[in-house]
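The values are calculated or read from the model by the stated rules, or taken from the named source; none is laboratory data. In this text, all values refer to a predicted model and were calculated from it rather than measured experimentally. Using ideal geometry, Cβ is built from the backbone for each residue, glycine included, and neighbour counts are taken over all protein chains shown. Just so you know, the surface numbers come from the protein's heavy atoms only, side chains and all, with ligands and any DNA or RNA stripped out. Shrake-Rupley method; radii C 1.70, N 1.55, O 1.52, S 1.80 Å.
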Amino acid sequence: MSHRRISKSKAILAGAGAVGVAAAAILLPNANASQSGTDDGAGDGARQNAKTVSAASAPELVARLSSQLGEEYAGAYYDAQKKQVVVNVADGDDGESTARVRDAGAVARSVQNSMGELRSATGTLSRDATIPGTAWAVDPRTNQILVTADTTVTGERWDTLESTVRSLGDGVARIQKSAGEFKPFLEGGDAIFGGGARCSLGFNVTTQDGTPGFLTAGHCGVAAEQWSEDQNGAPVGTVQAATFPGDGDFALLTYDDPATQAPSEVDVGNGQTVPISQAGEAAVGLEVIRMGSTTGLADGTVTGLGATVNYAEGSVSGLIQTNVCAEPGDSGGPLFTADGTAIGLTSGGSGDCTSGGETFFQPVTTTLAAVGAEIGAGGADAGGGEEGVEAGSGH
């Protein structure tokens, strides 16, 4: 195995980090606009006693109420405009769950479809409509499953998809068409290189045995075993685990030089780097920022959780769906929030940063649990060796 120290002048690829709200506004002059609040059916009476919460604390509140409500929980999302958490409740006539949501400081919203019904419907889609070029995720804003078909879904495949959605019943799912084609954002070029492919590094981590490593997309990890920071350059990292397709799209690599320092930060361009402090869960409505080696910084909003996307290479489940733009070469790059929380790794999607489109991200929390690693733990302060690469940036 090759061992090499990475010079400071080459420190341009690494973990993603916190961008303060003011800084984000400066760094993202051409980024996608985030979605504004929608007319969700929660009236002023339901909202007047609700607390304002930060985007960072919204997932924790959602998780707590989801556990407390059980089968009556029907999804939730963060209203960034009003800074409130809206929780869907399918609680019949007793109103206990509605009261519990309100007591917790969230907005309770009565809906038709329970989460169990929506999950059952996604199971039907997986069984009967796993067609390359399709994707689906629960959309809590509409209390439906949003099914997306790209431009390759035509003829009999479209008829199959349409009939499967109809079979789910009225108001359970809806179809939208994408202007592009779903594919992993992998391409030859600059950034990190392996086997002729190009990706973006996601987050620097510390592995279970204390060695420094980094996360990227699984479809990058299965494309090549060793990756370098220069095209045709000496390897700096070796794949230890990779999942794609299947239950995720993530890979763990360790630095070939065990003395490498792996700073928990992201290079956001213009000589600026920012720290990443923790990993966190996504919530629908959460405003997020993505860094990629091809397109740089872009921002947008989480639009769905637990998404399944059917790439030509196979189906991947458990993803975060967003409206943040991305392009080939951005694969594996970091998705994070303005307060410094690592959220996801770029998987794929459709469109580009001119026309927009749908994009999918591997959750960081799921990845860390699967590979037994920690975000930046001990990496930034470790002695000996030179600095590791910083993620998200191109040459």
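For the stretch 186-229, enumerate the residues that are part of a loop (DSSP other than H, G, I, E, B) and free of Cβ contacts under 8 Å to residues at least 40 places away in the same chain.
Matches in the stretch 186-229: 188, 195, 196, 209, 222, 223, 224, 225.
Taking the condition crowded, with 23+ Cβ neighbours inside 10 Å, within 25 Å of residue 350 (Cα to Cα) and within 18 Å of the chain's Cα centre (by Cα), does residue 276 pass?
Judged against the criteria, residue 276 is not a match.
Restricting to the stretch 310-333, count the residues that are open to solvent by 30 Å² or more (accessible area, probe 1.4 Å), over 22 Å from residue 78 (Cβ atoms) and part of a strand (DSSP E or B).
The number of residues fulfilling the criteria is 2.
Given (1) in contact (Cβ under 8 Å) with a residue 12 or more places away in the chain; (2) open to solvent by 30 Å² or more (accessible area, probe 1.4 Å), where does residue 99 come up short, assuming only one miss?
Result: residue 99 fails condition (1) only.
For the stretch 279-298, which residues satisfy the criterion of being at negative phi and not in a loop (DSSP other than H, G, I, E, B)?
279, 287, 288, 289, 290, 291, 292, 297, 298
Scan the stretch 335-346 residue by residue and report those that are farther than 10 Å from residue 363 by Cα and assigned to a strand (DSSP E or B).
336, 341
Take the conditions open to solvent by less than 30 Å² (accessible area, probe 1.4 Å), touching a helix residue (DSSP H, G or I) at 6+ places or on another chain (Cβ under 7 Å), modelled with pLDDT of 95 or more and assigned to a strand (DSSP E or B) and apply them to residue 307. Does it pass?
Judged against the criteria, residue 307 is not a match.
Tell me which residues, restricted to the stretch 104-120, are under 14 Å from residue 306 (Cβ atoms) and either touching a Gly at 6+ places or on another chain (Cβ under 8 Å) or assigned to a loop (DSSP other than H, G, I, E, B) (or both).
Across the stretch 104-120, the qualifying residues are 115, 118.
Of everything in the stretch 228-253, what is among the β-branched types (Val, Ile, Thr) and at pLDDT below 95? Give them in sequence order.
Matches in the stretch 228-253: 236 only.
Quickly run through the stretch 46-84 and pick out the residues that are in a helix (DSSP H, G or I), of a type in the set (A, V, I, L, M, F, W, C), within 19 Å of residue 110 (Cα to Cα) and open to solvent by less than 30 Å² (accessible area, probe 1.4 Å).
46, 61, 62, 65, 69
What is the number of the single condition among (1) farther than 24 Å from residue 290 by Cβ; (2) touching a Leu at 6+ places or on another chain (Cβ under 7 Å); (3) not in a strand (DSSP E or B) that residue 142 does not meet?
Only one criterion in (1) farther than 24 Å from residue 290 by Cβ; (2) touching a Leu at 6+ places or on another chain (Cβ under 7 Å); (3) not in a strand (DSSP E or B) is unmet by residue 142, namely (2).
If you go through the stretch 143-150 one residue at a time, do you hit one that is at pLDDT 95 or above, hydroxyl-bearing (Ser, Thr, Tyr) and on the phi < 0 side of the Ramachandran plot?
So far as the stretch 143-150 goes, yes, one or more of its residues are at pLDDT 95 or above, hydroxyl-bearing (Ser, Thr, Tyr) and on the phi < 0 side of the Ramachandran plot.
Of these, 351, 271, which one is without any contact (Cβ under 8 Å) to a residue 12 or more places away in the chain and surrounded by fewer than 24 Cβ atoms within 10 Å (Cβ to Cβ)?
Just a single option satisfies the conditions, and that option is 271.
Looking at (1) open to solvent by 30 Å² or more (accessible area, probe 1.4 Å); (2) over 26 Å from residue 79 (Cβ atoms); (3) outside any strand (DSSP E or B), which one does residue 365 not meet, given that it meets all the others?
Every listed condition holds for residue 365 apart from (2).
Examine the stretch 256-267 for a residue that is open to solvent by less than 30 Å² (accessible area, probe 1.4 Å) and not in a loop (DSSP other than H, G, I, E, B), and state whether such a residue exists.
yes
Please enumerate the residues belonging to the stretch 281-297 that are among the small types (Gly, Ala, Ser), open to solvent by less than 10 Å² (accessible area, probe 1.4 Å) and closer than 26 Å to residue 145 by Cα.
Residues satisfying the conditions are 283, 285.
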